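Everything on this sheet refers to the single structure shown next.
The values are calculated or read from the model by the stated rules, or taken from the named source; none is laboratory data. Since the structure is predicted, the reported quantities are computational estimates derived from the model, not experimental observations. Don't worry about glycine lacking a Cβ; one is built from the backbone with ideal geometry, like all the others, and counts go over all protein chains shown.
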Amino acid sequence: MPETHPSPDRPAGPLDEAAEFWRSMPDKPLFFILLAAWVAFFHFLGNPTFGYTKTPSLFAWLNYAYHNSVDDEHGFLVPLVVLALLYVKRKELVTLPKGQWWPALTLVVTGLVLHVFGYRVQQTRVSVLAFFVGLYGLTGLVWGPRWLKASFFPFFLFVFCVPIATMSEKITFPLRILATKTTVGLAQMVLGIDVVQNGTNIWEPSGRYQYEVAAACSGLRSLTAIFALATIYGFLEFRKNWQRLVIIVSAFPLAVIGNVVRLTTIIVAAETFGQSAGNYVHESFWFSLLPYVPPIAGLIFLGHWLGNRTTHPIGVLEAKPV
């Protein structure tokens with residue numbers, strides 16, 4: 001069957017560009033053979049723990065972890081996001097010089113060492129990280145150092161595949177305390193609302209309403225989402241590492257601010273209309289999106305501020321005297 005090419009009078013569509021990307025990748029059989037062996041290894045010898053789910057498969061363990069925690073279920077989406085970002089970078093990746101590069105074996109060996117360590121100490125999360133480190137190394141082994149450099153950012157997002165729910169108490173409790181203290185301080189000093197804090201509990205002194213900032217309200221889910229969003233935004237929009245670092249680090253305070261805004265809204269609703277109104281705000285789907293508004297607005301503002309001072313639009317050259 002003859003090859004088909006887009007007409008010169010018609011711009012290439014997504015399928016044409018995907019086909020061009022596919023044709024530009026050398027040694028595809030070698031890569032898929034190595035990939036199959038790597039996946040098979042982690043399927044049969046990937047999980048040393050059988051306390052939660054009795055399976056030797058790393059992927060079955062991940063599936064169980066994602067299905068049993070709302071704080072980890074975003075792991076299902078991460079591979080799709082990585083593929084989408086590779087597609088966004090397809091024009092750059094197509095033009096890269098590609099070839100086998102044996103030094104990339106060091107990444108594969110690093111992945112194996114990490115997995116052996118995780119297997120011995122029965123920490124499957126370490127093996128999850130090891131799998132993706134080795135996978136990244138396999139792509140460099142087949143397609144070379146330029147590919148590794150160009151694809152580092154999409155592959156970096158696989159870190160968000162590591163489940164953290166079972167160790168979340170160490171993260172969520174300080175977040176709950178911070179959010180509670182900040183919300184009470186804002187209510188008392190700025191809004192003039194008389195509320196009392198005890199640990200992660202907030203109540204009105206006369207007993208009209210009271211709330212506990214439980215683990216589910218710690219903001220861990222929004223924190224993870226904002227960190228992922230900030231990472232994507234930082235790597236796509238900025239070229240300098242310090243700019244990317246500023247954007248990524250800003251995710252933490254912005255996520256905390258978003259959670260404080262939601263908690264404050266609950267307190268204001270309860271103070272104005274009673275406990276039932278505060279409960280409605282707490283349980284409403286639309287109000288559950290509120291913690292994402294300040295962080296997204298903050299990232300856009302910060303990105304605009306950084307961009308105005310350090311970068312030039314793509315394709316615009318800075319005029320220099322001759």
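Quick one: in the range 259-306, of everything that is assigned to a helix (DSSP H, G or I), polar (S, T, N, Q) and exposed (fewer than 15 other Cβ atoms within 10 Å of the Cβ), which residue is farthest from the chain's Cα centre (by Cα)?
Selected residue: Thr272.
Cβ-Cβ under 6 Å, sequence separation 6+ or interchain: first residue in the range 25-37 and in contact (Cβ under 8 Å) with a residue 60 or more places away in the chain, partner not hydroxyl-bearing (Ser, Thr, Tyr). Which pairs?
Pairs that qualify, where the first residue is in contact (Cβ under 8 Å) with a residue 60 or more places away in the chain and the partner is not hydroxyl-bearing (Ser, Thr, Tyr), are Pro26/Lys98; Asp27/Val142; Leu30/Val142; Phe31/Val142; Leu34/Leu138.
Would you confirm, using the coordinates I've provided, whether Pro253 is free of Cβ contacts under 8 Å to residues at least 40 places away in the same chain and over 20 Å from Pro291 (Cα atoms)?
The answer is no for Pro253.
Is it the case that Val109 is in a helix (DSSP H, G or I) and outside the structural domain of Glu237 (by TED's automatic domain parsing)?
Answer is yes for this residue.
Hey, among the residues in the range 88-104 that are of a type in the set (A, V, I, L, M) and within 12 Å of Leu148 (Cβ to Cβ), which one's surrounded by the fewest Cβ atoms within 10 Å (Cβ to Cβ)?
Per the criteria, the residue is Leu96.
Please tell me if Leu62 is touching a Gly at 6+ places or on another chain (Cβ under 7 Å) and in the same structural domain as His115 (by TED's automatic domain parsing).
The answer is yes for Leu62.
On the given criteria, is Thr231 in contact (Cβ under 8 Å) with a residue 24 or more places away in the chain, touching a helix residue (DSSP H, G or I) at 6+ places or on another chain (Cβ under 6 Å) and either surrounded by fewer than 18 Cβ atoms within 10 Å (Cβ to Cβ) or closer than 19 Å to Thr180 by Cβ (or both)?
So Thr231 does not fit the description; no.
Given the structure, is Lys149 in contact (Cβ under 8 Å) with a residue 12 or more places away in the chain and among the charged types (D, E, K, R)?
No, not satisfied.
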